[in-house]
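Asks: For reference, the structure I am asking about is given below.
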Amino acid sequence: MQRNEDGGIVISCDFCGVDWDEALSMIEGHQGSVLCLTCLKLALDDARPSDEPFKGTLCLSEKPAGTNRWIHPQAETSPGLNPDAPLCWDCIRLAAKGFHKDPDVDFRWDSSLYPPQPVTKP
Ligand SMILES: [Zn+2]
Ligand SMILES: [Zn+2]
């Protein structure tokens, strides 16, 4: 997310609250939401099906219960933290793809290890 501080705009990861320092790789979602590479790596392996419907922070889409989601397990309170920021599986995969394609980012993934989630019909 973005906030104004000392007359300038500070960009931070919604999920862990870390401020962007121009070295950390980040990806932007809707309405200024931001995900950093560190969080993405955690999310890829720690996403779990949600017990309840939720709204994805990056995509702003309503997701049904059962959708894989990730929330930072130990985010420290900071001015840049979005305290309610679930990350959905579609966005995790999209972000991984984006980081993977970026030659400046030291991140490669094997998409076959993280397949799309089948859409479960109620
Ligand atoms: Zn982060
Ligand atoms: Zn999403």
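Each value in this text was obtained by applying a stated rule to the coordinates, not by laboratory testing. What you see is a predicted model; the values in this text were computed from it and never measured.
Asks: Hand me the tally of lysine pairs in the chain: alpha carbons under 24 angstrom apart, and the pair either on different chains or 8 or more positions apart.
Replies: 9
Asks: Just the C-alpha atoms of the chain: what Rg/Rh do they give, with Rh taken as the Kirkwood radius?
Replies: Values: Rg = 14.4 Å, Rh = 14.8 Å.
Radius of gyration over Kirkwood radius for the chain works out to 0.97.
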